[in-house]
Amino acid sequence: LEVEREEARSSMSTTLVDDLAVRIHAAVLAGEIPLGSWLRQEQLAEQFGVSRTPVREALRILQASGVVRQVPNRGALVEGPTPTDIREAYVVRAELEGLAAYLAAERADARDRELLAAAHTRFVNAIEVRLSRPLARDPALDDPWIRANDGFHDAVMGCARNRRLTRTILDLRGSFPTQSDLGALLDEPSLIADNAGQHVRVLQAIQRGDPAAARTWMIDHV
């Protein structure tokens, strides 16, 4: 029992650290934390309502990914990503997700197609709820939509049945979280609805077993 409790505590701690790293990174990408800023553990701990330990670990993750550079006795200097970094990452991600859609169209069985259609329905419902509310950033409203969007892409990867490809795409997604897109999308609500239409094209291509079209539409979407 003690081993199980320790494993549970370790799992919760890892989840907290990963979530905190994503939130800090998203704030950098959104411009809420400007490039060139100095981040200090005590300030971040107070801002995010956590102790300094997970903040310290989250900053190590961000340093490894090149977002910050930790300087002894100064704190963590925010260095990136730059707009070029983001553009380059999305070019790579588009190709990888296009490959996932291609494989999905080749390999999806009836059950896979049902799960993918259900993921699309959840995404459409989440969009409808989000667009019915004020278009200002609000985690309580944004998180379900973000999860539903990621869920659709996860379903495509599930259909592709390539674990190495999935891990690589998820690594890129983690480097540039979906939250970083929110500013542009909320400023132009039609882009949110366009996402649903783009998902439909990918879904239909996979459903009819058309790998080339699935790849093209997914690349265009990303």
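For a quick check: with amide H placed at 1.01 Å from N, whose amide H comes under 5 Å from Leu39's, ignoring anything fewer than 5 positions away on the same chain?
Result for Leu39 returns Ala76, Leu77, Val78.
What number comes out for the charge environment of Arg113, summing +1 per Lys or Arg and -1 per Asp or Glu over other residues with Cβ under 14 Å away?
That works out to -1.
Pairing the Cα long axis of helix 139-160 with the longest principal axis of the chain, what angle in degrees results, from 0 to 90 and rounded to the nearest 10?
That helix lies at roughly 50 degrees to the long axis.
For segment 97-108, what does the Karplus curve 6.51 cos²θ - 1.76 cosθ + 1.60, with θ = phi - 60°, yield as ³J(HN,Hα) per residue in whole Hz, taken in order and with x for Gly and Pro?
Each residue's phi maps through the Karplus curve to give 6, x, 4, 4, 5, 4, 5, 4, 5, 6, 10, 4 Hz.
Between beta-carbons, use under 13 Å as the cut-off and find the net charge around Ala196, counting Lys and Arg +1, Asp and Glu -1.
Residues near Ala196 contribute +1 overall.
Mind checking the angle between helix 2-29 and the chain's longest principal axis? C-alpha axes, 0 to 90 degrees, to the nearest 10.
So the helix axis and the longest Cα principal axis differ by about 80 degrees.
Please report the accessible area of Trp38 (heavy atoms, 1.4 Å probe, ligands and nucleic acids excluded) in Å², nearest 10.
80
Return, ordered by residue number, the residues of segment 97-122 whose backbone nitrogen is under 13 Å from a label point located 7 Å along Cα→Cβ of Ala196.
120-122, by backbone N distance to the label point.
Ignoring ligands, DNA and RNA, please state the percent of accessible area on the chain from carbon and sulfur, probe 1.4 Å.
52
For the chain, what does the helix formula give at 222 nm: sum of -39500 (n - 2.57) over DSSP H segments with n ≥ 4, over the residue count, nearest 500 deg cm²/dmol?
-25000 deg cm²/dmol
Would you work out which of Val50, Gly66, Val78 lies farthest towards the positive end of the dipole of the chain, given +1 charges on the beta-carbon of Lys and Arg and -1 on that of Asp and Glu, about the Cα centre?
Gly66
Two decimals is fine: what is log10 I(q)/I(0) at q = 0.16 Å⁻¹ for the chain, from a Debye sum with one equal scatterer on every Cα and no solvent?
Listed by q, the Debye log ratios stand at -1.16.
The values are calculated or read from the model by the stated rules, or taken from the named source; none is laboratory data. The shown structure was predicted, so the numbers you read here are calculated from the model rather than taken from an experiment. Heads up, the Cβs are rebuilt from the backbone with ideal geometry, glycines too, and the neighbour counts pull from every protein chain shown. Quick note on the areas: whole protein, heavy atoms, side chains included, nothing else; ligands and nucleic acids left out. Shrake-Rupley method; radii C 1.70, N 1.55, O 1.52, S 1.80 Å.
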